[in-house]
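K.L.:
Before I ask anything, let me first share the structure, which is written out below as structure tokens.
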Amino acid sequence: MLDASLPDPGLPARPGVGYKAQHFNALLSDPGPAAWLEVHAENYMGDGGRPLAQLRHLAERFPLSVHGVGLSIGGEGPLDPDHLARLRHLVGWLNPASFSEHLAWSTHDSHFLNDLLPLPYTQSTLSRVATHIDQLQEAIGRQMLLENPSSYLAFDESELTETEFLREVVARTGCGLLLDVNNVFVSATNLKTSPRAYIDAFPLEAVGEIHLGGHDEDKDDHGETLLIDSHGREVVDPVWALLDYTLAKSGPKPILIEWDNDVPDWPILAAEADRAQAALALIPS
Amino acid sequence: MTVQQADFTAALLDPTRAAPPGLSDGAGRPAGKRYDVYRNNVVVALSDALETAFPVIRKLLGDQFFRAMAGVYVRAHPPASPLMMHYGADFPTFLAGFPPAQGLPYLPDVARVELALRRAYHAADAAPIAATALAEVPPDRLGDIRLSFAPAVSLIPSDYPIHGIWTANAMGGPNPKPVAESALVARPGLDPSLSLITPGTLPVLTALMSGATLGDALDLAGDGFDLSALLSLLLSQGAITALN
């Protein structure tokens, strides 16, 4: 367990955006409301070239959040030691303001499935996830933030709620949490639970970063609404409202706009970051 | 009922398998289509990665053919690493053995060009020698030197006009002529480049890249080989990092 009772205070409690190469020039000339950037760790594990050159420039200008998408913290098998070493190298090189990963698995039997796959919330999952987080925090020499997933289904075997599970992971490992408010809304809609009750039960004191993103809407076999976390459009109004509800309880937090598919021109992404700035300004003191 | 990740994975990659039991919609009904979200995510994300890596193959085959083929490939060859920048290394071999693509025998070599360009994009930075460095070698020692190549450099030999096919499809160049062309991938600065290597030059460059001396490599020169043209190409592409 890491000796850290509070999340790493590295990221400013202001809006940030997920970095896309097509926004490089816009960000360097006028980042507008974007006070920090998040990059996906795995995109910067090549040996050199433009990706690392750009990141070197950005790191001089912005606080960075490194967001891993490939470690498979929830995997049944052991963590990939090569990948741990790559993460250690990247974090050592960049010294980012924050490092985060997901409550999910993506690798099985050395097959990487390139998706964030779901976990049952059981005691055995809990001890496995806690062990893996201990190993990761040991490898990178700092606290990580663990992100809540988008859920499309439930496991019959689950014994804990997601918030009970996350609270226990924090208690066992000393990690912080990355609260994805869109994921909360998606999961609550899909599984017919209350998003506000989820926020009420969430250990907000451990939150070091908030994520917002767009989702798509579909129907399940019974005609029930099925929301899909797609990061391909604007954040919807009910998610902004849930953000307001969250911030009123949590106080100011760093807020990331994620837009990974059908990436828009910079002004559209900047407008989303502006809206996050407005939400931060609304927090009752 | 415990859902093993092995079962979850197997059904993800095999559309004929039912979703694993033990998953529900939160209201006690089987997950059904909700499980298919993951199935779809996996195949779409991996197919998108393949499309990003092989834009010219996609253009040659058309969207529909490419996506259908990608669906077959990604299920049979999921990535072995979380670094998607390496995904598709065995795609040329897959293309060579994919029956519906047999009418286009140049596809595997064009795919090798695209792989080499992506590798070059991510390759380690390396300082090339100055353009004048070769001129400083005493003429009587020139035959004994060996060249060190930048990590971004690779050579793709082919019996097909791969340089012309790639250029026509990626850059809107003229239609390729039906001749054997090999291609040199390098990275002057940060942008990968593709250069034409003629059949007369191929054995010389192959030998140089395997560590042969310039003198030994020159013995392999074929028709129309032009040493000064090859050396100025290598220098202009920042391909040489040392003279030994």
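K.L.:
Taking a ≥ b ≥ c as the square roots of the Cα gyration tensor eigenvalues, with a/c under 1.5 meaning rounded and otherwise prolate when a/b beats b/c, else oblate, which class fits chain A? If you can, show how the numbers build up before the last one.
P.N.:
Working: a/c = 1.38, a/b = 1.07, b/c = 1.29.
Judged from the Cα gyration tensor, chain A comes out rounded (a/c under 1.5).
K.L.:
Averaged across B:117-128, how many Cβ atoms of other chains sit within 10 Å of each residue's Cβ atom?
P.N.:
Across the residues of B:117-128, the mean count of other-chain Cβ atoms within 10 Å is 3.
K.L.:
Give me the 1.4 Å probe accessible area per residue for the stretch A:81-217, excluding ligands and nucleic acids, in Å². Working shown, then result.
P.N.:
Values: 4570 Å² over 137 residues.
Dividing the accessible area of the stretch A:81-217 by its residue count gives 33 Å².
K.L.:
For chain A, what does the helix formula give at 222 nm: sum of -39500 (n - 2.57) over DSSP H segments with n ≥ 4, over the residue count, nearest 500 deg cm²/dmol? Don't jump to the answer; show the numbers that get you there.
P.N.:
On the way: 9 runs with 110 residues, N = 285.
Estimated from H runs of four or more residues: -12000 deg cm²/dmol.
K.L.:
Also, I was wondering about something else. With angles folded into 0 to 90 degrees, how steeply does helix B:63-76 sit against the dominant principal axis of chain B? Use alpha carbons for both and round to 10.
P.N.:
The answer is roughly 80 degrees.
K.L.:
Amide H neighbours of A:E147 under 5 Å, counting only residues 5+ apart in sequence or on other chains, H built in-plane at 1.01 Å?
P.N.:
Excluding prolines and chain starts, which carry no amide H, the hits are A:E101, A:H102, A:L103, A:L178.
K.L.:
Ordered by residue, what ³J(HN,Hα) values in Hz, to whole numbers, does the stretch B:120-136 give under the Karplus form 6.51 cos²θ - 1.76 cosθ + 1.60, where θ = phi - 60° and Gly and Pro are x?
P.N.:
3J(HN,Hα) across the stretch B:120-136, in whole Hz: 5, 4, 9, 5, 4, 5, 8, 7, x, 6, 5, 4, 8, 4, 5, 5, 7.
K.L.:
Give the shape of the stretch B:124-244 as rounded, prolate or oblate, defined through the alpha-carbon gyration tensor: a ≥ b ≥ c are the square roots of its eigenvalues, a/c under 1.5 means rounded, and otherwise the shape is prolate if a/b is larger than b/c and oblate if not.
P.N.:
Cα axes put the stretch B:124-244 in the oblate bin.
K.L.:
Would you work out which of A:H83, A:L212, B:P139 lies farthest towards the positive end of the dipole of the protein assembly as shown, given +1 charges on the beta-carbon of Lys and Arg and -1 on that of Asp and Glu, about the Cα centre?
P.N.:
The listed residue farthest towards the positive side: B:P139.
K.L.:
Given a Förster distance of 51 Å, report the FRET efficiency between B:L104 and A:E138 from their Cβ-Cβ distance, rounded to the nearest 0.05.
P.N.:
With R0 = 51 Å, the Cβ-Cβ based efficiency is 0.50.
K.L.:
Would you work out the relative contact order for the stretch A:15-281, in percent, from Cα pairs under 8 angstrom that are 6 or more residues apart?
P.N.:
Numbers: 479 pairs, mean separation 48.0, N = 267.
So the answer I get is 18 percent.
K.L.:
May I ask you to list the lysines whose Cα is less than 19 Å away from that of B:K33, ignoring any residue fewer than eight positions away on the same chain?
P.N.:
A:K192, A:K219
K.L.:
Taking each residue of B:1-7 in turn, how many C-beta atoms of other protein chains fall within 10 Å of its C-beta, and what is the average? Before the final figure, lay out the partial values.
P.N.:
Numbers: counts 4, 6, 6, 2, 12, 3, 1.
Counting Cβ atoms of other protein chains within 10 Å of each residue's Cβ and averaging gives 5.
K.L.:
Now, a different point. So if I place +1 on the C-beta of Lys and Arg and -1 on the C-beta of Asp and Glu, and nothing else carries charge, what would the dipole magnitude of the stretch B:42-101 be about its Cα centre? I want it in debye, nearest 20.
P.N.:
Numbers: 4 positive and 4 negative charges, 16 e Å.
Here the stretch B:42-101 has a charge dipole of around 80 debye.
K.L.:
Amide H to amide H under 5 Å from B:I197: which residues, 5+ apart in sequence or cross-chain, H placed 1.01 Å off N in plane?
P.N.:
B:S182, B:A183, B:L184
K.L.:
Within the accessible area of chain B, what % is carbon and sulfur when the probe is 1.4 Å and the other protein chains stay in place? Before the final figure, lay out the partial values.
P.N.:
On the way: 6270 of 11010 Å².
Result for chain B: 57 percent of the exposed heavy-atom area is carbon or sulfur.
K.L.:
Could you pull out which residues in the stretch A:235-257 have an amide N less than 17 Å from a spot 7 Å beyond the Cα of A:I283, following the Cα-Cβ vector?
P.N.:
Residues A:240-257 qualify, since their backbone N sits under 17 Å from the label point.
K.L.:
In the stretch A:217-235, which residues become less accessible by 50 Å² or more once every protein chain is in place, relative to the chain on its own, using a 1.4 Å probe?
P.N.:
Listed by number, the residues meeting the 50 Å² cut-off are A:D221, A:H222.
K.L.:
Just to check I understand the Karplus step: with θ = phi - 60° and J = 6.51 cos²θ - 1.76 cosθ + 1.60, what whole-Hz values come out for the stretch B:100-111, glycine and proline as x?
P.N.:
In residue order, the calculated couplings are x, 9, 5, x, 10, x, 7, 4, x, 5, 5, 5 Hz.
K.L.:
Which angle between 0 and 90 degrees, to the nearest 10, do you get for helix B:162-171 versus the longest principal axis of chain B when only C-alpha atoms count?
P.N.:
Between helix and principal axis, roughly 60 degrees.
K.L.:
Kindly rank B:137-145, B:50-58 from highest to lowest mean number of other beta carbons found within 10 Å of each residue.
P.N.:
On the way: B:137-145: 11.2, B:50-58: 20.0.
So the order, starting with the most tightly packed, is B:50-58, B:137-145.
K.L.:
A drop of at least 10 square angstrom in accessible area, chain alone versus all protein chains together, probe 1.4 Å. Which residues of the stretch A:48-62 meet that?
P.N.:
Hits at the 10 Å² cut-off: A:G48, A:G49, A:R50, A:P51, A:A53, A:R56.
The values are calculated or read from the model by the stated rules, or taken from the named source; none is laboratory data. Because the structure is a prediction, the values reported are computed rather than measured. Because the Cβ atoms are built from the backbone with ideal geometry, glycine has one as well, and the counts that use them run over all protein chains shown. The protein model used for the area step is the full one, side chains on, heavy atoms only, and it has no ligands, DNA or RNA in it. Shrake-Rupley method; radii C 1.70, N 1.55, O 1.52, S 1.80 Å.
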